[in-house]
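Report on the following structure.
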């Protein structure tokens, strides 16, 4: 069993700065947990506390059933992959891979077997006698991953392992690490993984679950799909998804039929009955931030509901190939809509007029309390 | 090499250039010519004494101060032959041997102790670390002659006079702050990721030093060893104070010896032996030149 549990884990630096605020997190056996957040959110610090490279100021870290707070890194049954590979420059790839086993006094033939097995998994066999400086970035990172696998740890830790690679290599390494995780899992080996990144694509594609952090606090832990669809708060909503979710300062009032009308500027948008019910239960004030993702804003047509239209002035358009990011201003706010290229070509490229009617799919929108920043429409 | 390549590139690209561009190129060439003439002249001025020493070693004694020519009019090996015999009962080989008897332990002890102390300073949390570090730097600034008398008295009490121990024993305690400082700077420039990876791989602090830090520090360690080697071979004051019997004299004292014993010094012998005396330093330097340059630049600028 290699479940990882953080119980009220805190980190306070010697200058009194509290980097990690009593976080609780449970990572199941074999799970691929991604930790994401902006730089300085203490995701790496948390990982390093897990690895034993950073002392723990409060709370408990458990790997399996044991509290490992005071264990040395080597005794925790972990392996870590670093951002800049951290290969030993004076050792060949083979020596790099086998170093941990050699220190553990594993017999030489056993070391060779395990090293060869890992090398094969990562297609490192032809590189075994090279030194790290003779490797490309992608190869070096594969060696670093190999070094982790060779040790057969209970938990794999990754600290932004792909940040130093170019975009294309990053994409292929992403798939490779995911596949490796599945492969280890299916061969019944320990595969619990904690993966720190600041790249949403990595988080969304690789993670079984994602833990979003901000300033040493966990904002939400959930599956990628849920995180995207049901962000618990303003931060998660804004952090996950590109282009970002549109955030509009608005207020609401109740209509005669009991549903809510969201107002901003001169526009009023009608929320559906079910959303209105939820908001009414949770709302404290009528001041909210309305969140709506760019893909839920469309160009209005004759079928669009009249109470969900907003008139905007197009500021600029970005061609992404299959779709356009259309930026438009409403009053002083600038919003973004993702619109299919065929529709843009038909409706926007042939017209001089900058003014357009946009249809907001309010069933897909979110309302956040402006003070607590909590999502009150869930 | 670089320059010739630049010239070759320039020539290659000269076809089809405007008159203006050709003029600029010619100006650059003339500039380069003057630069090299000045550099060569300066180099010659600096090398002249050394070349003079070599040439004088082959001259008969009476010609040394009478002729300006670098080329001996009468080529003679007497300086080398007689110089090697020395005026004492020992040959010059003995003095070479004596030199290495204290230089080699000194270099080895310096490297080991400095690496350990630098590792401590660069990687561990020590109470009042800043204070200790400042103290270390202060010892670099302290003139070594200040310590001569107390140190002499101390070694006299310990009964170590007229042995090589006072020359190298202090090195076992990282007493040369400069080397420690140099290694600390080098270590500070190194990312700690490798060491963390090694800790996860199962290294304790000592294994970390042996398996990871020392191999990575190699260029800096070689620089330390080289500096210490050259400075020690050249050291005059240390042996002069602690070594009293001629059979234990190192090169530095032996050379002085030949000036003392006869009134009219045999300059050709002295210069011949001086020429031989610098050979070990030059050989050692040439052997490790690559690492040496790497070490001093890496220590100062980056890891």
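The values are calculated or read from the model by the stated rules, or taken from the named source; none is laboratory data. Computed from a prediction, not measured in an experiment: that's the story for all the values here. All Cβ positions, glycine included, derive from the backbone under ideal geometry; neighbour counts span all protein chains shown.
Laid out as a table, the results:
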{"item": "Strands (runs of 3 or more DSSP E) contained in the stretch A:198-260 and holding at least 1 residues under 20 Å from residue A:362 (Cβ atoms)", "result": "A:246-254"}
{"item": "Selection within the stretch A:77-101 - buried (at least 21 other Cβ atoms within 10 Å of the Cβ), within 26 Å of the chain's Cα centre (by Cα) and at pLDDT 90 or above", "result": "A:78, A:79, A:80, A:81, A:82, A:86"}
{"item": "Sole exception among (1) touching a helix residue (DSSP H, G or I) at 6+ places or on another chain (Cβ under 7 Å); (2) in a strand (DSSP E or B); (3) away from chain B (no Cβ under 14 Å) for residue A:56, by number", "result": "(2)"}
{"item": "Criterion: exposed (fewer than 11 other Cβ atoms within 10 Å of the Cβ) and either in a helix (DSSP H, G or I) or at pLDDT 90 or above (or both) - qualifying residue of B:131, B:65, B:121, B:75", "result": "B:131"}
{"item": "Unmet requirement for residue A:269, which otherwise passes all of (1) outside the structural domain of residue A:20 (by TED's automatic domain parsing); (2) under 19 Å from residue A:295 (Cβ atoms); (3) part of a loop (DSSP other than H, G, I, E, B)", "result": "(3)"}
{"item": "Residue count for the stretch A:59-94, restricted to those that are assigned to a strand (DSSP E or B) and without any contact (Cβ under 8 Å) to a residue 40 or more places away in the chain", "result": "2"}
{"item": "Residue within the stretch A:268-289 that is surrounded by fewer than 17 Cβ atoms within 10 Å (Cβ to Cβ), under 30 Å from residue A:350 (Cα atoms) and over 19 Å from the mean Cα position of the chain (by Cα) present", "result": "no"}
{"item": "Any hit, the stretch B:187-203, residues being under 30 Å from residue B:253 (Cβ atoms) and within 24 Å of the chain's Cα centre (by Cα)", "result": "no"}
{"item": "Pair list, Cβ under 7 Å, 6 or more apart: the stretch B:110-121 residue free of Cβ contacts under 8 Å to residues at least 12 places away in the same chain, other residue outside any helix (DSSP H, G or I) and surrounded by fewer than 21 Cβ atoms within 10 Å (Cβ to Cβ)", "result": "B:120/B:126"}
{"item": "Enumeration of residues in the stretch A:299-315 that are in a strand (DSSP E or B) and in contact with a helix residue (DSSP H, G or I) (Cβ under 8 Å, 6 or more places away or on another chain)", "result": "A:299"}
{"item": "Count - residues of the stretch A:24-53 that are in contact (Cβ under 8 Å) with a residue 24 or more places away in the chain and away from chain B (no Cβ under 14 Å)", "result": "20"}
{"item": "Lone qualifier among B:217, B:271 - being surrounded by 22 or more Cβ atoms within 10 Å (Cβ to Cβ), within 24 Å of the chain's Cα centre (by Cα) and within 12 Å of chain A (Cβ to nearest Cβ)", "result": "B:217"}
{"item": "Residue satisfying all of: in the stretch A:102-117; surrounded by 14 or more Cβ atoms within 10 Å (Cβ to Cβ) and within 14 Å of chain B (Cβ to nearest Cβ); nearest to residue B:207 (Cα to Cα) among these", "result": "A:103"}
{"item": "Residue check for residue A:19: surrounded by fewer than 22 Cβ atoms within 10 Å (Cβ to Cβ) and in contact (Cβ under 8 Å) with a residue 12 or more places away in the chain", "result": "yes"}
{"item": "Subset of the stretch A:32-44 [at pLDDT 95 or above and out of contact with any helix residue (DSSP H, G or I) (no Cβ under 9 Å at 6 or more places or on another chain)]", "result": "A:33"}
{"item": "Boolean, residue B:170 is more than 14 Å from chain A (Cβ to nearest Cβ), surrounded by 19 or more Cβ atoms within 10 Å (Cβ to Cβ) and free of Cβ contacts under 8 Å to residues at least 40 places away in the same chain", "result": "yes"}
{"item": "Selected residue [part of a helix (DSSP H, G or I), modelled with pLDDT of 95 or more and farther than 30 Å from residue B:256 by Cα] from B:107, B:115", "result": "B:115"}
{"item": "Exclusive hit being under 15 Å from residue A:156 (Cα atoms) and more than 14 Å from every other protein chain (Cβ to nearest Cβ), set A:62, A:94, A:76", "result": "A:62"}
